[in-house]
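Quick notes on the structure that follows.
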Amino acid sequence: MTTSSDKIAIKDFNFYFNEKQVIHNLNLGIPPNKIFAVIGPANSGITTLLRSLNRLCDLSHEARQEGEILLDGRNIRAPDVSVTELRRRVGIVFDVPTPLPMSIFDNVAYGPRLNRKTRGKNKSALSGIAEEALRQAALWDEVKDRLNAPAMSLSGGQQQRLCLARVLALKPEVILLDRPCSGLDPISTAKIEDSLIELKNRFTIVISPHNIQQAGRVSDRIAFMLMGRLIEEGANADVFSNPKDQRTSDYITGRFG
Amino acid sequence: MRKFKEKLSERIFFALALSSISVLALITLFIFIKGVPLIAEVGAFKFIFGMSWAPGRGEFGIFPMIIGSVSVTLGAAVLGIPVGICCSIFMAEFAPVWMRNIFRPAIQLLAGIPSVVYGFWGLLFVVPAIRNYLGGPGLSILAGSVILAIMILPTIISISEVSLLALPRHYKEGALALGMTHWQTIRSVQLPAAKSGIVAAVILGIGRAIGETMAVIMVLGNSVAVPQSVLDPVRTLTTNIGIEMGYASGGHQQALFATGIVLFVIIMALNVSAQYITRRKIK
Amino acid sequence: MKPTKPPPRRFNFRGFKPREIKPQTVEKIVKGFVWSVALMVIAVLISIVVFILYKGLPVINWGFLTEIPRKMGREGGISSAIAGTLLVTAVAVFIAMPFGIGTAFYLAEYTRGNTVTRVIRFSAESLAGIPSIVYGLFGFIFFVMYLNLGWSVLSGGLTLAIMILPTIIRTSEEAIRSVPNTYREVGFSLGGTKWQTIRGAVAPSAVRGIANGVILSVGRSVAETAAVVLTAGSALRMPASLSSPARTMAVHFYILATEGISMENAYGTAAILIILIFFINIVANTLINRFVAKGR
């Protein structure tokens, strides 16, 4: 299921929390410069999968995994791979807005300031990065006059776009979005979806949409997971109009999940 | 460089943690070195259960003081715990906001007042009141218990209040939505849910009561005898050290360190059981 | 569906029905009781504070604050006791702060549940329960005698540092642990190392709790008597250096009051102590409020 042109290739991947297996023998290729949606009901292992792609799962002592995840053909768990470097290349936006308790500007500048290459840069270079990231996340016009206001003062939708901007400021290659619009109003959701579609030319985007409609709207390819197993994967139109598996069509037509 | 900083920061934190706790070993070591020879000389049984404390004659028995410590602490617990829990319920649930805004800093202030000031206040007000209304010399277990009860209030109130406030709001809302009164909700939902925090608060308060020295020196009367009633004067383990350390030397000083060992062991036993209880709760 | 039978009453002896008090009535009784207990506690507190201030404030004047005690404290002021308190407290806090906060970070962020961490946690919690008089004994035998520092500001400060260490550790650890885990995840997900994440994402949110703990322990140091009298001594002279003996205000109050030297000056000293504690609390609270305002 994976090809050499894939940005991310997942091979024979198994994931356990203690004794409980949450991902079963997954093989999946994620092509570059596309929006790749992973759909499925709760407890399908999707969040675990996304967090495995930038090794955030390492933070849990109970996690154990087998198999390979290749980013540009290199195993992300190889001993010489720097995990911080990996996480800068593979950014993530969580299912709830997670602004840090500092100003809007400091939130966006947080990542670049950690980076050796950009740390030495002066304030104006940093503001350039921040402005670009905020523009890409379609937030600039709303916050440009109050960059020093606390990030917590933004609305939920603005906070989530701030989190997207914070990831973009690192100029990553892959962006993971774990149900990024689950608590948001339709207008904020639309804004985020618009930015994603605009961004996909430059990034590889993996999204776990919070409903099937969103998957239909934004994604190029769709994978359907159930109970930690991959059921079906294919182009957006194929999966929606012509699902190969009965369970996929049941899920898409809303019979369960 | 990043790797190095990463390693270095962890090492530094570890070193700081290690040195912080090595003082416990140091304390144990030095107090035991100083006190154990005397216990060995007198005999552990005679030291702990001996009834006579006469350093001048070389008689070192601390049983009356153990009784003193236990009785004063029990008294403080009996008086202080219910009042403390009441106040924490008041602050977490019943008090209007303006009242809370007065109460909380007041409790903070109560916690900060030096123990000697409490002792002095007790000497001027509590002791005469007991002498006049209940009889006896006034300097008594009861006076010490009252003062200690007031002193452990802030500990009990603040920790219990925090554990009550930390409960998820839906506990209370769920219970109220079932038609319970506010008090029924507190009694049957909130207090049981906050139990581990309240138990911890009580244990900490008791620990503070056993360990207090200066306040009780002033109100206990400090006579070395097994008390017959709560109106009798007593001496506790802590006050024994506090009173005599100033002029003791030689074997006498060693005996005070030995008293410290007994106190230390009692407190450690309390600590270990408290930690055992809270750990089991978590599991 | 069959109608379910009501459960049998527990108390139904020959038609006797216990009189049930209505929950609303219980509510009223309990509320009244809790209110009166709380008001009583407040009344006791106010009576203590007002009494000390009423007796003490008239004694306080410029001379009382700036003059050295004379005739054992019967005359003169308490300037050396004020200096002693400040010096001993400063030594204690400056030494305890790095160790306490460092330990808290280690416990909250680096522990892995192995034996070493269990030992550290156990010791930290045990230290918290040790009575101050035992700290005094230890300070006396270790700092005063064994290290030969004598009765001095340094001995007293070091002893108090050990005494307040658990307070700082506990409150700081609590503050660090209460930082939402998402902050750590965000820090890591943006490519930060552990140290960068702690410094940039965790520590700023924990600062207010840590500061609160430090200020609490300042209060404890100022108020402590038993441990200080055994390690810093009770000399009335103005402490000239860290190695000279000193008398803190709490010790001064104790000696004046229990040896009947001068009740007036005792009240004055106590009043200043209470004002100082009050001031420390105000600083702590404004600090907290400012951080809260800044963080949100």
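Derivation of every value follows stated rules applied to the coordinates shown; laboratory data play no part. The model shown is predicted, which means the values in this text are computed figures rather than measured ones. Positions of Cβ are generated from backbone atoms using ideal geometry, with glycine treated the same way; all protein chains shown enter the neighbour counts.
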Local electrostatic count at B:I113 - Lys and Arg +1, Asp and Glu -1, tallied over other residues with Cβ under 14 Å: 0
In segment A:8-252, how many lysine pairs have Cα atoms under 29 Å apart, counting only pairs 8 or more places apart or on different chains? 28
Crossing angle, helix A:156-168 versus chain A [Cα axis fit, 0-90 degrees, rounded to tens]: 90 degrees
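With a cut-off of at most 15 other beta carbons within 10 Å, and DSSP calling the residue loop, which chymotrypsin sites (Phe, Trp or Tyr not before Pro) in segment B:212-283 qualify? Please list them.
Working: sites: B:Y247, B:F257, B:F264, B:Y276; in loops: B:Y247.
When the chymotrypsin sites (Phe, Trp or Tyr not before Pro) of segment B:212-283 are filtered for loop state and at most 15 Cβ neighbours within 10 Å, B:Y247 remain.
Using the alpha carbons of segment C:68-187, what is the convex hull volume per residue in cubic angstrom, as a whole number?
On the way: hull volume 16.6 nm³, N = 120.
That works out to 139 Å³ per residue.
Compute the orientation-averaged projected area for segment B:150-283 from the convex hull of its Cα atoms and round it to one decimal in nm².
Approximately 11.1 nm², given one-decimal rounding.
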In degrees, nearest ten, helix B:141-165 long axis to first principal axis of chain B (Cα): 30 degrees
Which aspartates and glutamates, if any, have their Cα less than 12 Å from the Cα of A:K7, not counting same-chain residues under 8 positions apart? A:D72, A:E173
Among A:I231, A:I92, A:I104: highest mean-square fluctuation, GNM of chain A, C-alpha pairs under 10 Å: A:I231
Dipole magnitude of the protein assembly as shown about its Cα centre (Cβ charges: Lys, Arg +1; Asp, Glu -1), debye to nearest 20: 920 debye
Selected from C:N61, C:N114, C:N265 as most flexible by GNM, with chain C as the system and alpha-carbon contacts under 10 Å: C:N114
Average beta carbon contacts from partner chains per residue of A:79-88, 10 Å cutoff: 3
Protection proxy ranking of A:164-170, C:25-31, C:94-100, A:83-89 - average other beta-carbon atoms within 10 Å, highest first: A:164-170, C:94-100, A:83-89, C:25-31
How far is helix C:115-129 tilted off the main Cα axis of chain C, in degrees rounded to 10, range 0 to 90? 70 degrees
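So for segment C:62-295, what percent of the C-alpha to C-alpha distances run longer than 34 Å? Display every interim value, and only then the final one.
Working: 6811 of 27261 pairs.
Tail of P(r) above 34 Å: 25 percent of Cα pairs.
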Quick one: of the DSSP bridges fully inside the protein assembly as shown, what percent are antiparallel, nearest 5? 60 percent
Only Cα pairs within less than 10 Å get springs; with that Gaussian network setup on chain C, which residue of C:V59, C:V222, C:V179 has the largest fluctuation? C:V179
Along the Cα-to-Cβ line of C:A128, 7 Å from the Cα, sits a label point; which residues in segment B:178-214 have backbone N less than 18 Å from it? B:194-212
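What does the structure give for C:28-39 when I average, per residue, the other chain Cβ atoms found within 10 Å of the residue Cβ?
Working: counts 2, 1, 9, 7, 0, 2, 12, 5, 2, 8, 12, 4.
So the per-residue partner count for this stretch is 5.
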With no solvent and one point per C-alpha, what does the Debye sum give as log10 I(q)/I(0) for the protein assembly as shown at q = 0.05, 0.07, 0.10 Å⁻¹? -0.37, -0.69, -1.10
How crowded by other chains is B:21-33, given as the mean number of beta carbons from other chains within 10 Å of each beta carbon? 6
Dimensions (Å) - segment A:8-252, Cα atoms, principal axes, largest first: 53, 42, 30
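What number, in nm² with one decimal, is the all-direction average of the projected area of the convex hull of the alpha-carbon atoms of segment A:143-219? Don't skip to the end; give the middle numbers.
Details: hull surface 21.2 nm².
Computed as one quarter of the Cα hull surface, the answer is 5.3 nm².
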Restricted to Cα positions, what overall size does segment B:132-184 have along the principal axes? Three whole-Å values, descending. 55, 21, 11
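Please give the length that would be gained between C:N148 and C:R177 if that part of the chain were fully extended, namely 0.36 nm times their separation in residues minus their C-alpha to C-alpha distance (nm, one decimal).
On the way: separation 29, 0.36 × 29 = 10.44 nm, distance 3.99 nm.
So the extension gain works out to 6.4 nm.
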Convex hull volume per residue in cubic angstrom - Cα atoms of chain B: 203 Å³
